[in-house]
1. Among H197, T186, P163, whose Cα sits farthest toward the positive end of the charge dipole of the range 116-210 (+1 at Cβ of Lys/Arg, -1 at Cβ of Asp/Glu, about the Cα centre)?
2. Run the dipole for the range 100-233 about the Cα centre, Lys and Arg Cβ at +1, Asp and Glu Cβ at -1, nothing else charged, and hand back the magnitude in debye, nearest 20.
3. Check which residues have an amide H placed less than 5 Å from T317's amide H, if you skip close sequence neighbours.
4. Quick one: dipole size for the range 48-118, taken about the Cα centre, charges +1 on Lys/Arg Cβ and -1 on Asp/Glu Cβ, in debye to the nearest 20.
5. At 37 °C and 0.692 mPa s, what whole-number value in µm²/s does Stokes-Einstein give for the translational diffusion of the range 21-77, with Rh from the Kirkwood sum over Cα pairs?
6. Along each of the three principal axes of the Cα atoms of the range 93-159, give the extent in whole Å, ordering the values from largest to smallest.
7. Within a 10 angstrom radius of the beta carbon, how do D142, D247, D173 rank from fewest other beta carbons to most?
8. If you build the convex hull over the alpha carbons only and average its shadow over all orientations, what do you get for the range 73-120? Give it in nm² to one decimal.
Amino acid sequence: MAQRLNAPDGGSKKNSTVRVAVRLRPYMNRQDEKGEGPCVRGLDSQNLEIINWRNATETVKYHFDAFHGEQTSQQEVFLSSVKPILPHILNGQNASVFAYGPTGAGKTHTMLGTREQPGVIPRAVREVFNLVNAKDEDEGWDYRIGMSYLEIYNEKVLDLLSPSSQDLPIREDKDKNILIPGLTNTTISSFSDFDKHFVPATLNRTTASTKLNQRSSRSHAILLIKVVRTQRTVPHRQQTGKLYLVDLAGSEDNRRTGNQGIRLKESGAINLSLFALSKVVDALNSATAGRVPYRDSKLTRLLQDSLGGSAHSVMITNIAPEYKYYFDTFTALNFAAKSKLVVNKPFTRETVAVPVLPAKRPREEHEGGGSGSA
Ligand code: ADP
Ligand code: MG
């Protein structure tokens with residue numbers, strides 16, 4: 001559960017907090033032409049430090065609910081940050097998992113992964129089927145699992161399971177449930193059934209993205225898994241639990257990627273929705289209850305019933321260790337941090353894990369710190 005380090009309530013649990021985890025991907029030589037080594041490193045399971053650009057003899061130390069270092073496996077991320085919230089969606093509660101961070105930092109790896117290293121999405125879907133199949137017949141409920149898959153691009157809600165559809169409206173019913181009339185909801189009976197619908201839709205999205213210049217990193221991809229359970233006997237009560245799995249648009253400073261025409265419009269939409277998300281997460285995680293500004297963007301509006309309130313939410317902030325991501329990492333960490341602290345000690349001198357070698361070390365892409373960099 002979310003722990004708050006420096007909140008006045010001293011770490012007591014509030015239902016509505018968003019658990020914040022950070023995942024640092026491995027250092028990749030090909031992302032670092034200058035061979036400067038990493039500028040950020042983990043300290044323990046909740047803390048990391050990044051070199052302070054204002055003063056290289058200082059680092060800035062950040063605290064989170066969880067920190068997943070570069071050695072963390074897909075399985076470990078899933079077990080610690082996602083699996084614990086899944087049982088709730090069988091009981092009519094909602095949940096959401098987001099991957100946040102700059103393009104190239106590992107959001108899609110975390111959410112989708114590969115065949116060899118499946119990410120949160122395939123693991124969560126498998127687990128939901130496991131949980132439903134393990135339910136005791138005698139409990140007296142029938143379960144139906146459905147999926148929807150959509151994209152928010154330029155503040156438009158697009159159905160990825162029905163690619164020809166237009167911008168869909170977002171509505172709220174009298175019980176404050178968020179609905180998207182017209183959105184495809186496909187019943188799925190097994191993981192392979194899920195895959196059959198999910199894979200082509202994801203491929204479509206990626207193909208479109210290469211044509212449209214990295215559109216996939218400039219839109220939010222949102223998978224919705226809905227579990228509806230119905231009592232077998234009268235009064236046939238029905239409960240719906242929703243799980244949102246979200247691969248967010250890149251959080252990098254989009255002004256750098258282009259400031260004309262379509263790029264400018266995209267940047268505006270991304271900034272708007274990520275800023276709205278940050279305000280919502282801040283409002284939910286702050287000790288003083290205030291208005292939560294869900295209506296400021298399509299993304300937050302859509303997630304309103306699954307982020308805060310009685311919902312269970314996790315934000316996984318993905319970061320990259322190379323210097324070229326430095327400012328985007330800094331921004332992402334400030335978005336995610338529970339607290340931060342400037343520590344007055346040099347960043348590079350401390351690493352003893354590997355000897356200091358010449359900067360360019362082919363075939364050692366997964367090494368941690370060690371090379372001089374300041
Ligand atoms: P994003 O979706 O945030 O733009 P990607 O998930 O596409 O980033 O990751 C960028 C690159 O880094 C990809 O080549 C990906 O395979 C690799 N990568 C990301 N995270 C990890 C990780 N934890 N372990 C190994 N490789 C990773
Ligand atoms: Mg991606």
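1. Of H197, T186, P163, it is P163.
2. Working: 18 positive and 16 negative charges, 104 e Å.
Dipole about the Cα centre, nearest 20: 500 debye.
3. So T317 has HN proximity to A21, V22, R23, Y100.
4. Working: 5 positive and 6 negative charges, 37 e Å.
Result for the range 48-118 is approximately 180 debye, rounded to the nearest 20.
5. Details: Rh = 12.4 Å.
Approximately 266 µm²/s, per Stokes-Einstein.
6. 48, 32, 19
7. Exposure proxy ranking, most exposed first: D173, D142, D247.
8. Working: hull surface 15.0 nm².
Its Cα hull, projected and averaged over all orientations, spans 3.8 nm².
Here, each number is a calculation from the coordinates, and none is a lab measurement. None of these values were measured; they are calculated from a predicted model. Methodologically, a virtual Cβ is constructed for each residue, glycine included, from the backbone with ideal geometry; neighbour enumeration extends over all protein chains shown.
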